[in-house]
Amino acid sequence: MKKYTVIEDISNLSEIIKDAVLLKMDPFEHSVLGKNKTLAMLFFNASLRTRLSTEKAAKNLGMNVMVLNVNDAWNLEFEDGTVMNANSSEHIKEAAQVISQYADIIAVRAFPGLSDKQKDESEQVLNSFIKYASVPIVNMESATAHPLQALADAITISELTEKAKPKVVLSWAPHPRALPQAVANSFVEMMQKLDVEFSITHPEGYELNPNITKNTPINYNQKEALKDADFVYVKNWSNYKDYGKVLNQDPNWMMTQDKLGTAKFMHCLPVRRNVVVEDAVLDGENSIVIEQANNRTYAAQIVLKKILDNL
Amino acid sequence: MKKYTVIEDISNLSEIIKDAVLLKMDPFEHSVLGKNKTLAMLFFNASLRTRLSTEKAAKNLGMNVMVLNVNDAWNLEFEDGTVMNANSSEHIKEAAQVISQYADIIAVRAFPGLSDKQKDESEQVLNSFIKYASVPIVNMESATAHPLQALADAITISELTEKAKPKVVLSWAPHPRALPQAVANSFVEMMQKLDVEFSITHPEGYELNPNITKNTPINYNQKEALKDADFVYVKNWSNYKDYGKVLNQDPNWMMTQDKLGTAKFMHCLPVRRNVVVEDAVLDGENSIVIEQANNRTYAAQIVLKKILDNL
Amino acid sequence: MKKYTVIEDISNLSEIIKDAVLLKMDPFEHSVLGKNKTLAMLFFNASLRTRLSTEKAAKNLGMNVMVLNVNDAWNLEFEDGTVMNANSSEHIKEAAQVISQYADIIAVRAFPGLSDKQKDESEQVLNSFIKYASVPIVNMESATAHPLQALADAITISELTEKAKPKVVLSWAPHPRALPQAVANSFVEMMQKLDVEFSITHPEGYELNPNITKNTPINYNQKEALKDADFVYVKNWSNYKDYGKVLNQDPNWMMTQDKLGTAKFMHCLPVRRNVVVEDAVLDGENSIVIEQANNRTYAAQIVLKKILDNL
């Protein structure tokens, strides 16, 4: 692996999952691999799980870790040819090249603005790092993708499924604020690669990018969609067509124990209780959100390991 | 030791103090004990000494350390059953369980709001971590207690006393802002366990929680109280009865060289010069505040060591 | 070396440069030297390169690193004798002594206010740490000096020069904001120690402190000054006489490929493209700003190594 910024960077998913589960059994087995190697973690946005699990993963491999909240430094410029006499102090061209000299791998978190679809889809921040850095880049959630989360989700489903080909449903949920589509996008792309029966349910008009969902079945009837599901992944996203808008907060789309039945409940966290999902689900036996979060460490660790193997 | 959140978690104080002094003589003796163990330090409030000394202590034991200013992430919800459609993005139930998977010990700093006594005394943040985390919790100053400071203070008195049973006086001091009672509370509880002659002096009406002071002598006459003292611990706290109020800023309560006499001067720091204590005291020979601060490292280190011993 | 806060702290520049180049060839050769030693990095101001390169340098030597954004803690008091009843919570006397007990070396970044020349020139923050700390201090850019940058610059010139005595020109550039003179000052002092033909060009009235420039030739005609230059160091600084003012933003002083000719282009970064220097220069073959930034690691590492050698 030379970078991990999109799901497509995984060439052999089943092998990666198997290797991640092995790492989980013995997290410190490769603690010499990262000796004298440095991971720079750059945050343009807030983080809890991603921050801690990725740092943990790198240290499990013996790496040094440097964490920088980029906003604590100064604004970076991403446009070409700008006369930089306003608010940005440094161009990404310099920043990415310079940081590449201090780190062996750079991990980046940069959320979308959710107002300019074209700009968000250009993945300006992430792709600028890919373009100008001279070291591998890891995506810690970009404008349109969260591949480390999706890998943790795939590991979790693989570990906990009781069937060869489980039924997995992605179910939209209401939320008071406009959230990115990144988690949903990467989960869809990951499920398309996994041996599962996958479908999506959301209110009419809340379709994700059709270039991502492709021919994945979509059902506007949540109840029908959830029937006989083995895993239900609940997630809000803001509207994609009327880009970044919150057009629906219908509480009927909240996940309940009644709707869930015996399926396993998944969510990437953070999750708003009694808005996205009722307490009874999160506090019940079918919730596997804590296991998902645990697998964030091993998703990050297998990715860092595969990159280190190729350095 | 399974956690260190209140003074009562220390079962054998004299042994702990002795072990801390041994660690101080050879801080790196146990630098293999913490190998592949991680301390997550979570700050809901600012820190200088606690941050640096606890990180130092953990690294002296060979631990990995991850520091997170929680406010850089997002607001956590601590109430049960809330419909989370307002300002908090994640419930402590998830956060504590998740972080427990990334860390072997969690240390938490969370100050009181000083407006709602009952809420502060419920120690909601600290106790929520204790309730929901699956790893040991260390208190880096909570709403009502600062046990790592009190342990450092006990170590300092033990090291520097010239008498078998020294006279120790806690003396209130004026301060322009409303400060917590946490340091004073833990110092009182610690002195009650140590073999000292202990009393408190403060203006009438500034009584600490009587459930904490119990039968410790209180004298409203500072001059009388300080007579023949060996150690004088100076500290401001806001009013406990008229909760969180600053009802007294009388400069006559400031500690002076004249009042101190030959006693050793103690303070947890940060300290406001010429408000809490005059320059002459801090710059004089009887101040032991720097030694106290040094012992913060060994207080934290012995606590982390005792917890690691039990993992 | 006992500290590195001013250029004068380097006694043998050519040896230091040679040793830095050796470190660069084998950065981990001395990775045992810093074992159980701690570097505390204290930032009063934002940082990207200095933060990451100094942390990298310390870890290359096997040191532990603790990074503290001081502003995340509280305001420090630097004046003597103050009645601290206003905005500052802790005096530098206590802070510096206390942190000295948690760290073996303290590195400090503290920019000038650019309104009170005398105060800035007193280097109150840096000099207070030097005065009250009991461990060596490293300057990560103070009010009037940036010696780690200048050392990286000297290493870069030494590595890339094709002549025994190259011609080096420091050329002022326009900038929308008031910037410190620190980088220019230290570069001037460093060039005065290096075996180069050194001169400065800037608009009339933009003279740096004459106690620093001494008898270094100054030419107000940029074109003339740049003639036959081997290295051109471009940098903005705010006015020194009319202290901290931006009196000139003349775009004719921007560096262009045409003006530069075959000389190597240097800048400390961050740099504002098409304000300080045009894209063609930074994107061209003669720019060595990335090499300069790379040498920040080895400048910091040789300084830390020399200090550790003396601990």
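The values are calculated or read from the model by the stated rules, or taken from the named source; none is laboratory data. Source: prediction; values computed, not measured. So basically every Cβ, Gly included, is an ideal-geometry build from the backbone, and we count neighbours across all protein chains shown. These area figures cover heavy atoms from the full protein model, side chains too; ligands, DNA and RNA do not enter into them. Shrake-Rupley method; radii C 1.70, N 1.55, O 1.52, S 1.80 Å.
Annotation note: Cβ proximity below 9 Å between a residue of segment C:271-292 that is free of Cβ contacts under 8 Å to residues at least 60 places away in the same chain and a residue that is among the small types (G, A, S) and open to solvent by less than 30 Å² (accessible area, probe 1.4 Å) (sequence gap 6+ or interchain) occurs for C:V271/A:S89; C:V271/C:A173; C:V281/C:S287; C:N286/C:A263; C:I290/A:S100. Please go through (1) over 30 Å from B:F28 (Cα atoms); (2) touching a residue at least 60 places away in the same chain (Cβ under 8 Å) for B:T262 and return the number of the only condition it doesn't satisfy. For B:T262, the exception is condition (2).
The residues on offer are C:V196, C:V183, and the sole one that is within 21 Å of C:M254 (Cβ to Cβ) and in contact with a strand residue (DSSP E or B) (Cβ under 8 Å, 6 or more places away or on another chain) is C:V183. Restricting segment A:268-281 to residues that are touching a strand residue (DSSP E or B) at 6+ places or on another chain (Cβ under 8 Å) and more than 7 Å from chain B (Cβ to nearest Cβ) leaves a set whose member that is surrounded by the fewest Cβ atoms within 10 Å (Cβ to Cβ) is A:E278. Going through C:D258, C:D228 one at a time, which residue ends up being more than 14 Å from every other protein chain (Cβ to nearest Cβ), of a type outside the set (V, I, T) and farther than 22 Å from C:M191 by Cβ? Exactly one of C:D258, C:D228 is more than 14 Å from every other protein chain (Cβ to nearest Cβ), of a type outside the set (V, I, T) and farther than 22 Å from C:M191 by Cβ, namely C:D258. In this structure, C:I218 does not qualify as open to solvent by less than 10 Å² (accessible area, probe 1.4 Å), over 19 Å from C:Q118 (Cα atoms), without any contact (Cβ under 8 Å) to a residue 60 or more places away in the chain and not basic (K, R).
Tallying residues that are under 14 Å from the mean Cα position of the chain (by Cα) and open to solvent by less than 10 Å² (accessible area, probe 1.4 Å) within segment A:127-142 yields 4.
Just one of (1) touching a Pro at 6+ places or on another chain (Cβ under 9 Å); (2) of a type outside the set (D, E); (3) at the interface with chain B (Cβ under 10 Å from one of its Cβ atoms) fails for A:Y298. It is (3).
Checking the structure you have, find out if any residue of segment A:42-52 is among the polar types (S, T, N, Q) and farther than 25 Å from B:V67 by Cβ. So far as segment A:42-52 goes, no, none of its residues is among the polar types (S, T, N, Q) and farther than 25 Å from B:V67 by Cβ. Entry remark, segment A:193-211: residues being surrounded by 19 or more Cβ atoms within 10 Å (Cβ to Cβ) and within 19 Å of A:A173 (Cα to Cα) number 7 in total.
Residues of segment B:158-191 that are in a helix (DSSP H, G or I) and within 15 Å of the chain's Cα centre (by Cα): B:A182, B:V183, B:A184, B:N185, B:S186, B:F187, B:V188, B:E189, B:M190, B:M191. Can you say whether A:S186 is under 26 Å from A:L52 (Cβ atoms), hydroxyl-bearing (S, T, Y) and touching a Pro at 6+ places or on another chain (Cβ under 8 Å), as far as the supplied structure shows? Yes: the conditions hold for A:S186.
For segment A:1-24, the candidate set comprises residues that are open to solvent by 60 Å² or more (accessible area, probe 1.4 Å) and assigned to a helix (DSSP H, G or I); within that set, the residue that is nearest to A:N139 (Cα to Cα) is A:E8.
Listed here are the residues, each with its yes/no results for (1) closer than 30 Å to C:I105 by Cβ; (2) free of Cβ contacts under 8 Å to residues at least 12 places away in the same chain; (3) in a helix (DSSP H, G or I); (4) among the aromatic types (F, W, Y).
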site	(1), (2), (3), (4)
C:N211	yes, yes, yes, no
C:D228	no, no, no, no
C:V232	no, no, no, no
C:Y240	no, no, no, yes
C:Q301	yes, no, yes, no
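The strands (runs of 3 or more DSSP E) found entirely in segment A:25-117 that carry 2 or more residues being within 13 Å of chain C (Cβ to nearest Cβ) and open to solvent by less than 40 Å² (accessible area, probe 1.4 Å) are A:38-43, A:64-69.
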